[in-house]
Amino acid sequence: GENVEQHPSTLSVQEGDSAVIKCTYSDSASNYFPWYKQELGKRPQLIIDIRSNVGEKKDQRIAVTLNKTAKHFSLHITETQPEDSAVYFCAASQYNNNDMRFGAGTRLTVKP
Amino acid sequence: ETGVTQSPTHLIKTRGQQVTLRCSSQSGHNTVSWYQQALGQGPQFIFQYYREEENGRGNFPPRFSGLQFPNYSSELNVNALELDDSALYLCASSLRQGSYEQYFGPGTRLTVT
């Protein structure tokens, strides 16, 4: 089955700096790669996703890149703000989210 | 459009007991997936329901079972509770056709003592 690894486990940046979180996956059949943000005590919230037919996607300060050959994808947050502080999870699945596998999470802290 | 809801919010059970958790999917969504999230870890896929049938299952024993109803709401049942079942249980709904996105409910925090 699919195995998703996520690095780093913790990340601390200064407000205004960029943050990058990286994930690798094992199953070449995976074709959907979402990123979720989870604040303490709250539900995971979908912040951006990418499908395997696209190499990069951007939404304001957030971007995701996908390298299918190397089986890795990354989340990039620019101009970080204190409210970006949360745990971020990457995930991978095939169509219909059947058996979506999550990374272990990255705790991002943005220091004012 | 209404979001995904779950009940109850919190639950405390004793080892060996049974529990039922409930999930109402987002309006227009016909697929529900259940996840277990242990403290400090990522969600782990339990199973998915589509058209009232199980449509994929993760590495969980048969004492984890579920149902989906005609209105697409769903239940997760866990029998013979073990201490390790203590976790946040999340459901997520998605529209099977045409959209990959799934949206999570607030979760049910289960504590087994």
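Worth pointing out:
- The mean number of Cβ atoms from other chains found within 10 Å of a Cβ in peptide B:39-46 is 6, as a whole number.
- Close amide H contacts of A:SER26 (hydrogens built in the peptide plane, cut-off under 5 Å, sequence separation of 5 or more or a different chain): A:ASN3.
- Sorting the segments B:17-24, B:50-57, A:103-110 by their residues' average number of neighbouring beta-carbon atoms within 10 angstrom, most packed first, yields A:103-110, B:17-24, B:50-57.
- Principal semi-axes of the equivalent ellipsoid, √(5λ) from the alpha carbon gyration tensor of the stretch A:30-70, are 22, 12, 7 Å from largest down.
- For the segment B:77-89, counting C-beta atoms of other chains within 10 Å of every residue's C-beta and taking the mean gives 0.
- Filter on A:LYS42/A:LYS111; A:LYS42/A:LYS71; A:LYS37/A:LYS58; A:LYS71/A:LYS111; A:LYS42/B:LYS13 - keep pairs with C-alpha separation over 24 Å: A:LYS42/A:LYS71; A:LYS71/A:LYS111
- Share of carbon and sulfur in the accessible heavy-atom surface of the protein assembly as shown [1.4 Å probe, %]: 46 percent
- Alpha-carbon Rg/Rh ratio, for the stretch B:1-102, with Rh computed the Kirkwood way: 0.96
- Mean projected area of the Cα convex hull of the protein assembly as shown, taken over all directions, amounts to 12.2 nm².
- Fluctuation leader among A:GLN38, A:GLN94, A:GLN14 - chain A, Gaussian network, Cα springs under 10 angstrom: A:GLN14
- Other-chain or far-sequence residues with amide H under 5 Å of A:ILE48's (modelled H): A:TRP35
- Solvent-free Debye scattering, log10 I(q)/I(0), computed from the Cα coordinates of chain A at q = 0.09, 0.12, 0.20, 0.21 Å⁻¹: -0.21, -0.37, -1.02, -1.12
- Per the Cα gyration tensor, the stretch B:63-113 maps to an equivalent ellipsoid with semi-axes of 25, 13, 8 Å, ordered largest to smallest.
- Area hidden from solvent between A and B (accessible, protein heavy atoms only, 1.4 Å, total, Å²): 1900 Å²
The values are calculated or read from the model by the stated rules, or taken from the named source; none is laboratory data. If you're wondering where the values come from, they're calculated on a predicted model, not measured in any experiment. Note that we place each Cβ from the backbone using ideal geometry, even for glycine, and neighbour counts take in every protein chain shown. In case anyone asks, the SASA skips ligands and DNA or RNA and just uses the protein heavy atoms, side chains included. Shrake-Rupley method; radii C 1.70, N 1.55, O 1.52, S 1.80 Å.
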